[in-house]
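All of the numbers you see were taken from the coordinates with simple rules; none came from a lab. Model, not experiment: these values are computed from the prediction. Ideal geometry is used to build each Cβ from the backbone, glycine not excepted, and the neighbour counts take in all protein chains shown.
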Amino acid sequence: MDQAQNLRNIIKLQNQTESRKARVITVTSGKGGVGKSSLSINLAVQFRKLGKSVIIFDADFGLANIEVMFGAIPKYNLADVIYRGRSIKDIIVKGPMDIGFVSGGSGINGLGDLNYEQINYLTHKLNELESMADIIIVDTGAGISESVLGFVASSSEILLVTTPEPTSITDAYALLKALNLKEGFERESTKIRIVANKTSSREEGKNLYNKLNAVVRKFLNIDLSFLGSVPMDDNLRKAIMQQKPISMIYPNSESSKHFAGLAEGLINGDEDVSPKKRGLVSAMLRMFKSSHS
Ligand SMILES: Nc1ncnc2c1ncn2[C@@H]1O[C@H](COP(=O)(O)OP(=O)(O)O)[C@@H](O)[C@H]1O
Ligand SMILES: [Mg+2]
């Protein structure tokens, strides 16, 4: 049997498995420093407040900033699962409010090179992770490394973070363009929501979305949704200095209120996700399938 056939078999088996599938929300951006990790952490807190169980999966290989913002340092990462026989339980750290945290570490870069046995093994392990949470938030690195782009393209729900800075918007466009060319990306069944961060007025975020969406619709034939904006907020920096999510320590600050609104918007938009595309393992398998075809 060739790799592709092997993969089709894993996918078939996977579809028959009656495991609980988490809702996977992939957070990405065209460039770094726009607020992906801040958004991921604060959405996690807000989801917890709404009674959901949450795991943050840090797929940003470059900068381990979730763990810094969170004050929870994992001892092992995904590479220890793939190559060194660690279990999923070994690599989950529990942070504040019982939010689970998993680091992809160097395992993220190796994903493209896994053979069939390793993929099979990893998907089995990840099934376990999947049944531990209602929602898995995947915080990706900015832009355009192949494994990140592959995962983003395979995701059912994408939050694309951008700030009003022109370079951030053009980089968001560049990411969408690369996504559109990526093997395995299905624009009809992928929900892409824009989050405008560091805005300075109520209208700024919406305007940014309107402009970006017009261009993206015209040239890429993709329809974006607008989840909402998060204002520039000095308390956010203070919270990071204290290694605590702002939604926990300054719940009444402007950005915390907006994070709460974004989380509610996502909970209300749950029906937008095609059941077929639900789950972390199913996204991983789509990624492997398109990289092996
Ligand atoms: N709404 C905001 N208001 C003020 N500062 C922000 C806001 N969002 C993010 N920041 C700051 O911007 C920097 C980058 O944020 P971060 O979440 O690490 O971005 P990314 O994960 O995209 O690289 C951090 O120092 C953070 O404090
Ligand atoms: Mg980050």
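The Cα trace of the stretch 81-122 gives Rg and Dmax of 12.1, 37 Å, the first to one decimal, the second as a whole number. Its alpha carbons give the stretch 3-291 an Rg and a Dmax of 17.9, 53 Å.
The 3J(HN,Hα) values that the Karplus relation (6.51, -1.76, 1.60; θ = phi - 60°) gives for the stretch 238-250 are, in residue order, 4, 4, 5, 4, 8, 6, 9, x, 4, 4, 8, 8, 10 Hz. Gly and Pro appear as x. With the alpha-carbon atoms of the stretch 107-241 aligned to their principal axes, the span from lowest to highest coordinate is 51, 41, 24 Å, starting with the largest.
Note on the stretch 165-215: semi-axes of the ellipsoid equivalent to its C-alpha gyration tensor, largest first and rounded to whole Å, are 23, 12, 8.
Stretching the chain fully between Asn6 and Glu146 yields a gain of 48.2 nm (0.36 nm per residue, less the alpha carbon separation). For the stretch 3-291, averaging the sequence separation of C-alpha pairs within contact (under 8 Å, six or more residues apart) and dividing by the residue count gives a relative contact order of 27 percent. Can you work out the PRE-style zone for Asn109? Point 7 Å along Cα to Cβ, and I want the residues of the stretch 58-97 with backbone N under 12 Å. Taking a point 7 Å out along Cα→Cβ of Asn109, the residues of the stretch 58-97 whose backbone N falls under 12 Å are 61-63.
Each peptide in 133-140, 211-218 was scored by the mean count of other Cβ atoms within 10 Å over its residues; highest first, the order is 133-140, 211-218.
Work out the length of the dipole vector of the chain about its Cα centre, built from +1 on the beta-carbon of each Lys and Arg and -1 on the beta-carbon of each Asp and Glu, and round it to the nearest 20 debye.
Dipole about the Cα centre, nearest 20: 240 debye.
Straight-line cross-link partners of Lys218 among the lysines, defined as a Cα under 17 Å from its Cα and at least 8 positions apart when in the same chain: Lys177.
On full extension, the segment bounded by Glu264 and Asn207 gains 18.4 nm, given 0.36 nm per residue less the C-alpha separation.
Amide H contacts of Thr199: Val230, Met232, each under 5 Å away and 5 or more positions distant or on a separate chain (H built 1.01 Å from N in the peptide plane; Pro and chain starts excluded). The Arg187 and Asp234 beta-carbon pair, evaluated with R₀ = 25 Å, returns a calculated FRET efficiency of approximately 0.05. Semi-axis lengths, largest first, of the ellipsoid equivalent to the stretch 47-176 are 24, 20, 14 Å, with √(5λ) applied to each eigenvalue of the Cα gyration tensor.
Protection proxy ranking of 106-113, 154-161, by the mean of other Cβ atoms within 10 Å over each peptide's residues and highest first, is 154-161, 106-113. Dividing the helix sum by the residues of the chain, where each DSSP H run of 4 or more adds -39500 (n - 2.57), gives a mean residue ellipticity at 222 nm of -15000 deg cm²/dmol.
The 3J(HN,Hα) values that the Karplus relation (6.51, -1.76, 1.60; θ = phi - 60°) gives for the stretch 260-266 are, in residue order, 4, x, 5, 4, 4, x, 6 Hz. Gly and Pro appear as x. For the chain, the share of DSSP beta bridges that are antiparallel, to the nearest 5, is 5%.
So how much slack lies between Leu50 and Glu271, counting 0.36 nm per residue of separation and subtracting their Cα-Cα distance, in nm?
Result: 77.9 nm gained on full extension.
At a Förster radius of 45 Å, what calculated FRET efficiency corresponds to the Cβ-Cβ distance of Lys75 and Glu117, to the nearest 0.05? With a Förster radius of 45 Å, E is 0.95.
When the P(r) of the stretch 41-119 is calculated, the portion above 21 Å amounts to 31% of the C-alpha pairs.
Here's the list of lysines a cross-link from Lys257 could span, going by alpha-carbon distance under 26 Å and ignoring same-chain residues fewer than 8 apart: Lys31, Lys36, Lys49, Lys52, Lys94, Lys191, Lys198, Lys206, Lys211, Lys238, Lys244.
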